[in-house]
Every structure is written in structure tokens, then in C-alpha cells.
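Student: Dropping the structure in here first, questions after.
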Amino acid sequence: MSEASSGSGLRSMHPMLKLALELGPLVVFFVANGRGGIYVATGAFMVATFAALAAMWLIARKIAVMPLISAGVVLVFGTLTLWLQDDHFIKMKPTMVNALFGVALLGGLYFRKPLLPYVLGDVFVLTDRGWRELTIRWGGFFITMAVLNEVVWRSFSTDTWVAFKTFVYLPLTLVFAMAQVPLMTRHAPEPAKDEGKGEKR
């Protein structure tokens with residue numbers, strides 16, 4: 001661990017590769033559902049999820065907190081789905097993950113323990129107000145996605161829910177993330193005003 005923390009074993013991951021590793025298990029899930037049904041898709045999704053985590057570790061020597069938690073929920077709910085032959089569990093998995101993230105973010109804010117800086121603090125630098133506003137937005141987004149998943153899987157067919165999970169869920173998350181760029185730019189700390197004065201004669 002000392003080597004990784006010192007930077008010698010730590011490598012950055014290209015954003016497109018990171019996106020491919022996150023999207024890959026969903027594509028596997030969609031294809032496997034079309035060919036073998038929801039239970040085959042669940043098993044394939046579990047394998048693909050942990051294969052993606054392993055790839056992240058081999059490439060970057062670290063795994064982000066959110067994919068790790070999500071994979072843990074996939075393991076629990078996927079196992080219950082296959083063991084009990086009840087697809088309600090895998091359909092509820094996005095609800096549980098999003099509700100967990102949403103409650104954790106908003107709850108941390110309520111108790112004056114904002115969690116988002118611990119997740120994104122090594123990537124972005126924001127003012128305290130910026131972190132607060134971003135946390136409220138992401139917390140609300142996760143809760144909204146949890147409710148939306150419940151509506152879709154309870155109101156439509158399994159195939160429709162799988163298509164939603166594959167082609168709507170992640171793109172919607174990416175669009176929302178891009179929509180936060182103006183906020184992050186607005187609340188980025190200003191550079192020190194006296195920086196570079198020493199160069200003037």
C-alpha cells in the first residue's frame with residue numbers, strides 16, 4: 001500500500017476507458033437478457049461487474065468507492081435473484097444503490113459531514129458552498145433515479161426495464177454530470193492574487 005500511495009504504483013485511467021468499463025457490464029446484461037433471459041443476464045452481469053473492477057484495479061491500482069459499493073450490492077442482490085429464482089431482487093438493485101448514495105450524501109450534509117469531497121476531492125477543488133450545492137444536486141439526483149427505477153420495473157415488462165437500465169440510466173447520469181460543470185466552474189477557488197508578483201522587477 002505504501003508504494004501505491006506514494007504514486008509509484010498509481011496510474012491514471014483514461015476517461016473513455018473508465019466509461020467503457022462502467023458501460024460494459026450493462027451491455028453484457030442487455031445482450032445476455034435477449035439471448036437467455038433475466039437469470040442468465042443476472043449471472044453474466046455479476047461476472048462482468050467484477051471483471052470490470054479487476055480491470056480498474058490492474059490499470060489504475062485503485063477502485064473508486066461508488067463502483068465498489070455498487071458491485072457489493074450487485075453481489076448480494078444478484079445472488080438472491082439466482083438462488084431464489086426471483087428477478088425482483090436484481091430489479092430492486094438500482095433502487096437500493098441510488099437510495100443509499102442519495103441518503104448518504106444528503107444525510108452527511110445534514111450532519112455537517114459532507115461526503116462528496118471524500119469521493120471527488122482528489123479530482124475537483126471547490127469552495128465549501130460549491131461542495132454543498134453539488135452535494136444537494138447529486139443527492140436529489142440519486143433519490144430521483146431510485147424512484148424512477150421503481151416506477152419502471154413495477155410498471156413495464158422485464159425487457160423494457162433492462163433496456164431502460166442499459167440505454168437510459170447511464171446516459172442520463174452522464175448528462176446530469178455534464179450539467180454540473182458550470183456550477184463547479186463557478187465555485188472553483190480563485191488563484192492567489194499575489195501569485196507571480198515575485199517575478200516582477
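Student: Between Val125 and residues 5 or more places away or on another chain, which pairs have amide H atoms under 5 Å apart, with H built 1.01 Å from N, and which residues are they?
Tutor: Those qualifying (amide H under 5 Å, at least 5 residues apart or on another chain) number zero.
Student: If I model a spin label at Leu84 and Asp128 as a point 7 Å from the Cα along the Cα→Cβ vector, what separation in nanometres do I get?
Tutor: 4.5 nm
Student: Nothing charged except the Cβ atoms of Lys and Arg (+1) and of Asp and Glu (-1): what's the magnitude of the dipole of the range 36-165 about its Cα centre? Round to the nearest 20 debye.
Tutor: 360 debye
Student: Place a point 7 Å from the Cα of Leu17 along the Cα-to-Cβ direction; which residues of the range 45-67 have their backbone N under 19 Å from it?
Tutor: 49-65, 67
Student: I would also like to ask the following. Hey, any idea what % of the range 84-169's accessible area is carbon plus sulfur with a 1.4 Å probe?
Tutor: Of all accessible area on the range 84-169, carbon and sulfur atoms account for 66 percent.
Student: How many Å² of accessible area per residue for the range 51-198, probe 1.4 Å?
Tutor: I get 59 Å² per residue for this part.
Student: Taking the Cβ of Ala54 as the centre, find all other residues whose Cβ is under 13 Å away and add up their charges (Lys, Arg: +1; Asp, Glu: -1).
Tutor: Within the 13 Å Cβ shell, the charges total +2.
Student: Compare the Cα positions of Pro117, Pro25, Gly78 along the charge dipole of the range 21-154 (+1 at Cβ of Lys, Arg; -1 at Cβ of Asp, Glu; about the Cα centre) and return the one farthest towards the positive end.
Tutor: Pro117
Student: Is the shape of the range 33-123 rounded, prolate or oblate, going by the alpha carbon gyration tensor and its root eigenvalues a ≥ b ≥ c, with a/c under 1.5 for rounded and a/b larger than b/c for prolate?
Tutor: In terms of gyration-tensor shape, oblate.
Student: For the range 73-151, with equal point scatterers placed on the C-alpha atoms only and solvent neglected, what are the log10 I(q)/I(0) values from the Debye formula at q = 0.15, 0.21, 0.26 1/Å, to two decimals?
Tutor: -0.60, -0.88, -1.09
The values are calculated or read from the model by the stated rules, or taken from the named source; none is laboratory data. Predicted model only: the values in this text are computed from it and were never measured. Neighbour counts are summed over all protein chains in view; Cβ atoms, including those assigned to glycine, are modelled from backbone coordinates with ideal geometry. Quick note on the areas: whole protein, heavy atoms, side chains included, nothing else; ligands and nucleic acids left out. Shrake-Rupley method; radii C 1.70, N 1.55, O 1.52, S 1.80 Å.
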